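The values are calculated or read from the model by the stated rules, or taken from the named source; none is laboratory data. Being a predicted model, the structure only gives us computed values, none of them experimental. Glycine gets a Cβ as well: all are built from the backbone with ideal geometry, and neighbour counts include every protein chain shown.
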Ligand SMILES: [Zn+2]
């Protein structure tokens, strides 16, 4: 039986916590990672119905998209909605883990699921995140170049788009003088050493930094390794908020909305005036997406499909882009399928399933 920690590792490999937005609170909300995991139940939100389902199915892990503790919780007192949920989980030895904006910010995440169901092609992130990568420069003796390179690649550095094992190297002369207490790989005490070295450069995702540095040290022959870490301003099309892509061919907005209604079982789609006859380029943000309206405009989307738009937000598309609100739960509902799939791919024998309980708090009186 895997530990709860093992299930979390699978989720964090796919959606590292480092990628969550600053306001978020993804991760383990309550529980003990070192317990064996009897099974996991997946839902968009933590509700009492989901907890009761987990109890009856004897599953001690609930994985949600929305963190159950989002704003600071200063007390755990019965009668408060969030406290009651957390108390119920703790009483029943159930751990709760949330994969939220970190799962929004990977291309194959929440928005990738929506885009796939609308057959969007040529998808890329709508608003790439800053600060996801850094550059590592390390100086290595020539004969150790390949070993160090391989070790650093194996730890996850050097991946750019559809390429891996990316690096740059240039030969040069390195100097150092071993001092008292040193145990140099080469050279003599108190005498300046000149060594033929190679300057190796890699880029790497920040969340793998510790692993990559460990791999570098493990393969490097020097007692004290000369290396530098540099921040990068580059933004990568695979990491960030929202998604944008194209339909196979232009369709009428009515046709597009019919597809959305059928595939997402939406109660209602609220939208601005349909001033375009056909649309092709679609921007998407599951859940509350008003912060991405400007990015969708800049990327020349014909239509931006999202949720939680307020009255004033609907003015922001102007006569350039149609705005459509499909409902928060409706847009993100397939996130649970994604989480189940991510775990199944890595641990096929593990009992993970979607909760049967309805968690959408919004109902439509039609
Ligand atoms: Zn959401």
Matching residues, the range 113-140, being within 15 Å of the ligand (Cβ to nearest atom) and in contact with a strand residue (DSSP E or B) (Cβ under 7 Å, 6 or more places away or on another chain): 114
Every residue from the range 34-81 that is within 16 Å of the ligand (Cβ to nearest atom), surrounded by 15 or more Cβ atoms within 10 Å (Cβ to Cβ) and more than 17 Å from residue 354 (Cβ to Cβ): 67, 68, 69, 70
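Every residue, every condition in (1) in the same structural domain as residue 98 (by TED's automatic domain parsing); (2) within 28 Å of residue 98 (Cα to Cα); (3) without any contact (Cβ under 8 Å) to a residue 40 or more places away in the chain; (4) within 16 Å of the ligand (Cβ to nearest atom), yes or no:
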| site | (1), (2), (3), (4) |
| --- | --- |
| 270 | no, no, no, no |
| 285 | no, yes, no, yes |
| 303 | no, no, no, no |
| 340 | yes, yes, no, no |
| 362 | no, yes, no, yes |
Note on residue 318: of the conditions (1) farther than 30 Å from residue 207 by Cα; (2) in a strand (DSSP E or B); (3) more than 15 Å from the ligand (Cβ to nearest atom), unmet is (2)
Turns out the helices (runs of 4 or more DSSP H) fully within the range 92-199 with at least 2 residues that are under 30 Å from residue 61 (Cα atoms) are 101-104, 110-117
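If you go through the range 19-33 one residue at a time, how many are surrounded by fewer than 16 Cβ atoms within 10 Å (Cβ to Cβ) and in contact with a strand residue (DSSP E or B) (Cβ under 9 Å, 6 or more places away or on another chain)?
2
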Every residue in the range 287-296 that is more than 16 Å from the ligand (Cβ to nearest atom) and farther than 18 Å from residue 115 by Cα, please. 294
Within the range 82-93, is there a residue that is in the same structural domain as residue 342 (by TED's automatic domain parsing), under 25 Å from residue 351 (Cα atoms) and within 16 Å of the ligand (Cβ to nearest atom)? no
